[in-house]
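Data first, discussion second: the structure below is written as structure tokens.
A short reminder: the numbers here are calculations on the coordinates, not readings from a lab. Just so it is clear, the model here is predicted, and its values are computed rather than measured. With ideal geometry, Cβ positions are generated from the backbone for all residues, glycine too; neighbour counts draw on all protein chains shown.
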Amino acid sequence: MARSSKQSPPPEEFEERILDIDVVDEMRGSFLEYAYSVIYSRALPDARDGLKPVQRRILYQMHDMGLRPDRSYVKCARVVGEVMGKLHPHGDSAIYDALVRMAQQFSMRLPLVDGHGNFGSLGNDDPPAAMRYTECRSASAAGLMVASIDEDTVDFTPNYDGSEQEPAALPAAYPNLLVNGSSGIAVGMATNMPPHNLGEVVAAARHLIRHPNADLDTLLRLVPGPDLPTGGQIVGLDGIRDAYRTGRGTFKMRATVTVEKVSARRRGLIVTELPFAVGPEKVIGKIKDLVNSKRLTGIADVKDLTDRENGLRLVIEVKNGFNPEAVLAQLYKLTPMEETFGINNVALVDGQPLTMGLRELLQVYVDHRFEVVRRRSEFRRGKRRDRLHLVEGLLVALLDIDEVIRLIRSSDNAAAAKESLMERFELSEIQTQYILDTPLRRLTRFDRIELESERDRLREEIEELTRILESDTELRKLVSAELAEVSKKFATPRRTELVEASGAAVEVLPLEVSDDPCRVLLSSTGLLARTADGEGSLDETAKRGKHDVVVSAVQSTIRGEVGAVTSTGRLLRISVVDLPTLPPAASVSSLAGGAQLSEFVSLEGDERVICLTTLDESSPGLAIGTEQGVVKRVVPDYPANKEELEVISLREGDRIVGAAELQTGEEDLVFITEEAQLLRYPAAQVRPQGRQAGGMAGVKLGEGVRVLSFTVVDPARDAVVFTVAGGSGTLDDLGTAKLTPFDQYPRKGRATGGVRCQRFLKGEERLVFAWAGGAPARAAGRNGTPVTLPEPDPRRDGSGTPLAKEVTALAGPVG
């Protein structure tokens, strides 16, 4: 390539200047400048309006854009772009994060931005959508922050490049710093202030306005503590009082929890409010980690049922056998359901970071508000004086309008006309120019009346504004009245409950339910329950109600197990602690609070539960009677590792009609057949057999005859026999019934035919219901409705009397 013939000019001579600076001094100076910039321009709020620079710029720019509450939403990206381009020369993510926080109901006690779209969830479990998707506009509270900003109420400063002006602080019609709180980390200092209730803070500010020398104790009665957006509880108020006195302190936040029945088998902890800035996912994750690491026991499941209609709802199911209150105490200790909030009231006052108590924070705001109202009043008075000056000049011209018109017409030009009018009527240049600019159509008699009314009104307003500016008392009254209007419009009831910590020792609850004695009950309609103790007997004098026929009852302990014997010969285990609890057995007359059997055992086809039995291997065993006349005493051998056992090998087509646990082994076994034959003999006549055995002959049956009832009766106690005869062989045919003392029937040998227990009347072919047991007996119908039994008949084989209602279940005293 050919080289150019032109030579570049020699560089101009310059003087070399090198500064020798100690690196320590340079680092110190640069770091101080950086620290001050972070403190003043980014991290700490101003004590006057409670806003950081980015928040203030967002609100001012939205006001400048006209995004009022009655206007439509705009994309958040547009707001962020305007703020970043004109006022805040930092990243868009910082601006959008601040905007999002000001729109979150769970972050701000009085939100300043009305957001439309996904603005995140509590605890940031669900982050907000990108700014290109969300929309926003100013909230009503934001209007109070910027109200009268165009009336020279606050100072304005140049923006980062001097092309725009921005407010140094907003007018702030309410104490935003206390109401919404603030948090930020600067260099060498930080601020962390909780939100408060608007009504309480305004009441304290108004009291300070009326009583400038008010002490802190008086203000504490008006502002007892923070009021968090998420509600919950604050436990212990000593730390709050320290913070209100010195600017630093701590308090504990707790979730709001109730203990409720979440299913027929379990109780649970229902969480409806969480500590400030704690989300449900954080709580659920921590609980799962603790359960997996075995540090937390007693939790069966955790469900998040939160929705927009009902709000927060966490359901923590507690395992049966564990005390819910003790589990809750563990949750408070180990999970974010209880958190500590450290108050650090650091804010900027005249550009300097200060740590302030409640009274100082209120005083700074009140002084700012005095200044705002004073400057606003001066601005308004100036505007009204200027307008009054013009109105008075126009009224002078109207008094001699013909002369005004003559002077204007006779003048060579506008300047000459102005000079003539000023000289003739002694008007100022501004008044004269206003007259010349006024159209002739406004110079009517009607307009004169309007101008005179406006003049009088302006004079009254100027006089009122002057009175405010010249009287400190009037200024205070006005500021207090404006605060009262804000409180009336925007104050809401307190959400957070304040709980004074007790100095007494806290009662430590056992985590697991103690293994106390209890009694497990089974009703005729298939309801299961347990009593609070294992003593006493059912109250036979109690008012009758549904489900009050207890057909089986066994002793157990709360953490023990019982067996349910079914009609197919199975024994199914039931955990007692899973059963709902009723009052002590002595007061039980109904199992209406019980749970259905189907929640604890799975039955097949027409299989039904016959009775309950203990799984105590030291008991005399279980007595079983079948439809085909087989009897069996089961050796109590119930392996703990099996949930289902077989207690008898049934013949084909056979099924169990009755079973009961022997208490002493000296009871009588009673069979009643369809032919009205009753056989009674001692249980000792039946040899105990293993669970796999098929039993032995229990009663002699005729061809096609089946056993209707098998029961165990203690001969040492009063007992009765109840039978119902019918023609069709079903319960639909009521027929006649007979109640007979049990001692009328003699003992016979095992496998014999027994004796007749009821004589059939004409049309009656067989028994449709039979039962033998302790007296007095209680009867119930198909749905558990009580049935009154006939009077006892001493005749062993007498006939019955008509039955008004069907009987499907009978039971004697349980105890």
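Let me have the relative contact order for the chain, percent, based on Cα pairs under 8 Å that are six or more residues apart. Let's see the in-between values first.
Values: 1697 pairs, mean separation 71.0, N = 815.
In percent, rounded to a whole number, it is 9.
Go through Lys261/Lys333; Lys86/Lys488; Lys52/Lys477; Lys383/Lys477; Lys700/Lys762 and tell me which ones have a Cα-Cα distance over 32 Å in this structure. Walk me through the intermediate numbers first.
Details: Lys261/Lys333 23 Å; Lys86/Lys488 36 Å; Lys52/Lys477 29 Å; Lys383/Lys477 23 Å; Lys700/Lys762 26 Å.
From the list (Lys261/Lys333; Lys86/Lys488; Lys52/Lys477; Lys383/Lys477; Lys700/Lys762), the Cα-Cα distance tops 32 Å for Lys86/Lys488.
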Protection-proxy order for peptides 15-24, 231-240, each taking the mean of Cβ atoms within 10 Å per residue, highest first: 231-240, 15-24
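What size of dipole, in debye to the nearest 20, comes out for the stretch 256-336 about its Cα centre when the only charges are +1 on Lys and Arg C-beta atoms and -1 on Asp and Glu C-beta atoms?
Numbers: 14 positive and 10 negative charges, 72 e Å.
That gives the stretch 256-336 a dipole magnitude of about 340 debye.
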May I have the convex hull volume per residue, in Å³, for the Cα set of the stretch 367-490? 141 Å³
Going fewest to most other Cβ atoms within 10 Å around each Cβ, Leu399, Leu521 line up as Leu399, Leu521
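Give the relative contact order (percent, whole number) for the stretch 600-735; include only Cα pairs under 8 Å separated by 6+ residues. Don't jump to the answer; show the numbers that get you there.
On the way: 247 pairs, mean separation 37.8, N = 136.
Relative contact order here is 28 percent.
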Taking only C-alpha positions in the chain, Rg and Dmax in angstrom work out to 45.4, 149
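When every alpha-carbon pair in the stretch 517-811 is counted, what percent end up more than 34 Å apart?
Numbers: 6740 of 43365 pairs.
Counting pairs separated by more than 34 Å, the tail of P(r) holds 16 percent.
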Of the options Leu645, Val631, Ile656, report the single residue whose Cα projects farthest towards the positive end of the charge dipole of the stretch 626-688 (beta-carbon charges: Lys, Arg +1; Asp, Glu -1). Val631
Tell me the net charge near Pro89. Cut-off is 14 Å between Cβ atoms, Pro89 excluded, with +1 for each Lys or Arg and -1 for each Asp or Glu. -2
Based on Cα positions only, what radius of gyration and what Dmax would you give for the stretch 256-336, in angstroms? 11.9, 35
Residues of the stretch 110-141 with backbone N under 15 Å of the label point set 7 Å from the Cα of Glu281 along Cα→Cβ are 118-130
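In debye to the nearest 20, how big a dipole does the stretch 693-815 give about its Cα centre with +1 on each Lys and Arg Cβ and -1 on each Asp and Glu Cβ? Before the final figure, lay out each step's value.
Numbers: 16 positive and 12 negative charges, 65 e Å.
It works out to roughly 320 debye.
Just want the ordering: Arg455, Arg778, from fewest to most Cβ atoms lying within 10 Å of their own Cβ. Mind dumping the intermediate values first?
Numbers: Arg455 16, Arg778 22.
With the sparsest Cβ surroundings first, the list reads Arg455, Arg778.
What is the stretch 256-336's relative contact order, in percent, from Cα pairs under 8 angstrom and six or more apart in sequence? Present the calculation step by step, with values, prior to reporting the outcome.
Details: 119 pairs, mean separation 28.5, N = 81.
That works out to 35 percent.
Dipole size in debye (nearest 20) for the stretch 564-715 around its Cα centre, Lys and Arg Cβ +1, Asp and Glu Cβ -1? Before the final figure, lay out the partial values.
Numbers: 13 positive and 22 negative charges, 53 e Å.
Taking the Cα centre of the stretch 564-715 as origin, the dipole is about 260 debye.
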Place +1 on the Cβ of every Lys and Arg and -1 on the Cβ of every Asp and Glu in the stretch 200-313, take the dipole about the Cα centre, and give the residue among Leu312, His207, Gly285 whose Cα lies farthest towards its positive end. Gly285
Charges on Cβ only, +1 for Lys and Arg, -1 for Asp and Glu, centred on the Cα centroid of the chain; of Met189, Leu451, Leu407, which one is farthest towards the dipole's positive end? Met189
Among Tyr681, Tyr160, which comes first, then next, by fewest other beta-carbon atoms within 10 Å? Tyr160, Tyr681
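Are there GluC sites (Glu not before Pro) in the stretch 629-678 that DSSP marks as loop and that have at most 15 other Cβ atoms within 10 Å, and which are they? Don't skip to the answer; put the middle values down first.
Values: sites: Glu643, Glu644, Glu646, Glu652, Glu661, Glu666, Glu667, Glu674, Glu675; in loops: Glu643, Glu652, Glu666, Glu667, Glu674, Glu675.
When the GluC sites (Glu not before Pro) of the stretch 629-678 are filtered for loop state and at most 15 Cβ neighbours within 10 Å, Glu643, Glu652, Glu666 remain.
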